[in-house]
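Read through the structure below, which is laid out as structure tokens, and then see the notes.
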Amino acid sequence: MATPLLADFPELADLSREDLEDLLTDPVYFQAIFHSLPRVKAMYQSQAELGMANESIAKHNLELQDPLYRLRAETQEAFDDAKNLETRWRDVEREQREVYQRFSPQFLLMRLKHSKTAQDDASEALASAFVQQSSSSSITTSDTGTGTGTPNGNGTGKEIDDFVREFKDMRKVYHKRVIWEDRWSAGLVNWRDD
């Protein structure tokens with residue numbers, strides 16, 4: 001009957017009892033027998049092959065090191081650019097909202113109301129200036145008796161015609177703005193988003 005030692009290591013079956021005792025007491029003999037075993041030789045062979053494979057992988061990894069470092073630097077640069085563009089995008093969106101706000105229906109209605117008031121004030125100021133100029137001087141009649149008078153007798157009917165034309169144009173703009181405001185208030189003005 002075979003002992004468990006011989007069952008696990010059949011290579012030792014040829015050794016005598018004395019050789020087995022020497023194997024336990026003499027470390028040099030143990031190493032010599034141990035390293036001559038086929039399993040140990042196979043283990044050392046596979047260990048050597050794994051070492052060479054690891055060395056080959058390490059050389060390959062070292063060859064890839066510089067390109068990987070360059071790629072990492074490029075990736076970092078692209079990431080930084082993306083972050084900068086993201087920040088710029090937020091700024092551009094804010095600017096866009098501010099620009100669009102100037103063209104929003106509420107803002108345009110407010111501008112229309114202000115411009116209507118300013119136009120009314122400007123036309124009234126023109127009329128007041130003309131009346132002031134006319135009242136500060138005496139109006140004379142011409143020799144023909146037509147009743148066409150000019151301030152200080154120095155001007156012509158052209159001054160009056162120019163005033164009437166300018167005042168009429170200013171009031172026309174004012175009334176157009178009033179009409180647009182009324183139409184807007186009545187819901188007759190539609191704004192498209194495109």
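Under the √(5λ) rule applied to the eigenvalues of the Cα gyration tensor, what semi-axes describe the equivalent ellipsoid of the range 13-101? Give them in Å, descending.
So the three semi-axes of the range 13-101 are 72, 14, 9 Å.
Hey, with R₀ at 41 Å, roughly what FRET efficiency would L23 and H60 work out to, going by the Cβ-Cβ distance, to 0.05?
In this case the efficiency is close to 0.40.
Expressed as cubic angstrom per residue, what is the convex hull volume of the alpha carbon set of the range 64-135?
So the per-residue hull volume is 94 Å³.
For every helix of n ≥ 4 consecutive DSSP H residues, a contribution of -39,500 (n - 2.57) applies; sum these over the chain, divide by its total residues, and give [θ] at 222 nm rounded to the nearest 500 deg cm²/dmol.
Value at 222 nm, helices only, nearest 500: -27000 deg cm²/dmol.
What's the exposure ranking of R90, R171, R177, going from fewest to most Cβ atoms within 10 Å?
Least crowded to most crowded, the residues run R90, R171, R177.
Counting other beta carbons within 10 Å of each Cβ, put S56, S123, S115 in order, fewest first.
S56, S115, S123
Tell me, I160, I33 in order of fewest to most beta-carbon neighbours within 10 Å?
I160, I33
About the Cα centre, and with charges only on the beta carbon of Lys, Arg (+1) and Asp, Glu (-1), how big is the dipole of the chain? Nearest 20 debye, please.
Dipole magnitude for the chain comes out near 2240 debye.
Residue separation times 0.36 nm, minus the C-alpha to C-alpha distance between D8 and D91: what's the value?
In short, 22.2 nm is gained.
Using a Förster distance of 45 Å, how high is the FRET efficiency between A129 and V99, based on the Cβ-Cβ distance and rounded to 0.05?
About 0.75, to the nearest 0.05.
Once you have all Cα-Cα distances for the chain, histogram them in 10 Å bins from zero and send the whole-percent values.
Result, from short to long distances: 7, 13, 10, 9, 8, 7, 6, 6, 5, 5, 5, 6, 5, 4, 3, 1, 0 percent.
Picking from P67, L20, T87, whose Cα lies most toward the positive end of the charge dipole for the range 13-101 (charges on Cβ: Lys, Arg +1; Asp, Glu -1)?
T87
Here, each number is a calculation from the coordinates, and none is a lab measurement. Just so you know, these numbers come straight off a predicted model, no measurement behind them. As a convention, Cβ positions derive from the backbone with ideal geometry for all residues, glycine included, and neighbour counts pool all protein chains shown.
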